[in-house]
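Trainee: Quick one: the structure is below, questions incoming.
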Amino acid sequence: MSTPLERGLMCGRLEVNKNIVDKGVFSIQGVRFDALNNFDQRPTQEVACLHHHHGKVEQVNSHWGIKPGWAKHAIINAQSETVSAKKTFSAAYALHRCVVPCSAWFEWTGERGSKRKHRFFPEGEGVLFMAGILFPDQQRNYELVTLTCAADAFCSTYHHRMPLLIDAPKVRDWLALPQPTHELMNFHDHHAICVSPP
């Protein structure tokens, strides 16, 4: 029986409208940002992030996805509820939190072969700050894993998970301060999300 819920991989495509994102990041966070314009941002591609480095918030570009030795496939998402406890993610969560500024994300509904694409975006077409964690190497190259949470009442019609979106005024605290996972939803942006097509 057909259902709108997709239980597989979620939040694997983003929209980064450079005009919206660059202006939004500078206006809200006071940081000059050079987004990588991409209306179909996919895992394995380069993603522009904000992170906290030597006392200030700055841009870093990262590769979306990690592939630990034990993994059969690249990992692009981690559950916010367990990110601090899982060995794969705990150090990155403690030391290298980030946000991915974007203008929308996409989900699909329907059966294989006839899936329907939905664009999720903030009311007013502003910038979203998607929570993530970074994995730096010794050369300061970064890999990215984004964080998800249980979908709210609106988004759960389309998927049981959604990105953990950091409320814009709380971005700097999210980046700089230790965050117990049981308090993460205090950072979640509960502003209105729109979807097209509905």
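Trainee: Taking amide H positions as placed in the peptide plane 1.01 Å from N, state which residues far from residue 13 in sequence (5 or more) or on other chains have amide H under 5 Å from it.
Mentor: 106
Trainee: What ranking do 74-84, 140-150, 116-126 get when scored by the average of other Cβ atoms within 10 Å per residue, highest first?
Mentor: Final packing ranking: 140-150, 74-84, 116-126.
Trainee: Just rank 66, 166, fewest to most, by other beta-carbon atoms within 10 angstrom.
Mentor: 66, 166
Trainee: Taking neighbour counts of Cβ atoms within 10 Å as a proxy for exposure, in what order, fewest first, do 42, 112 appear?
Mentor: 112, 42
Trainee: Compute all pairwise cysteine Cβ distances in the chain, then list the cysteines with no distance under 4.7 Å to another cysteine.
Mentor: If one checks each Cβ against the other cysteines of the chain, 11, 102, 149, 155, 194 turn up with nothing under 4.7 Å.
Trainee: Among the lysines, which have Cα under 25 Å from the Cα of residue 72 when same-chain residues fewer than 8 positions away are ignored?
Mentor: Of all the lysines, those that pass the test against residue 72 - Cα under 25 Å, at least 8 places apart if same chain - are 86, 87.
Trainee: Within 10 Å of each residue's Cβ, count the other Cβ atoms and sort 160, 96, 182 from fewest upward.
Mentor: 182, 160, 96
Trainee: Which FRET efficiency, nearest 0.05, do residue 27 and residue 79 yield, Cβ-Cβ r, R0 22 Å?
Mentor: The computed FRET efficiency comes out at 0.10.
Trainee: Do any of 18/170; 23/170; 18/56; 67/170; 56/170; 18/117 go past 26 Å between their Cα atoms, and which?
Mentor: In this structure, 67/170 lie more than 26 Å apart at Cα.
Quick note: the coordinates plus some simple rules give every number you see, no bench work behind them. Keep in mind that this is a model prediction, so the values were computed, not measured. Here the Cβ is made from the backbone with ideal geometry for all residues, glycine too, and neighbour counts use every protein chain on show.
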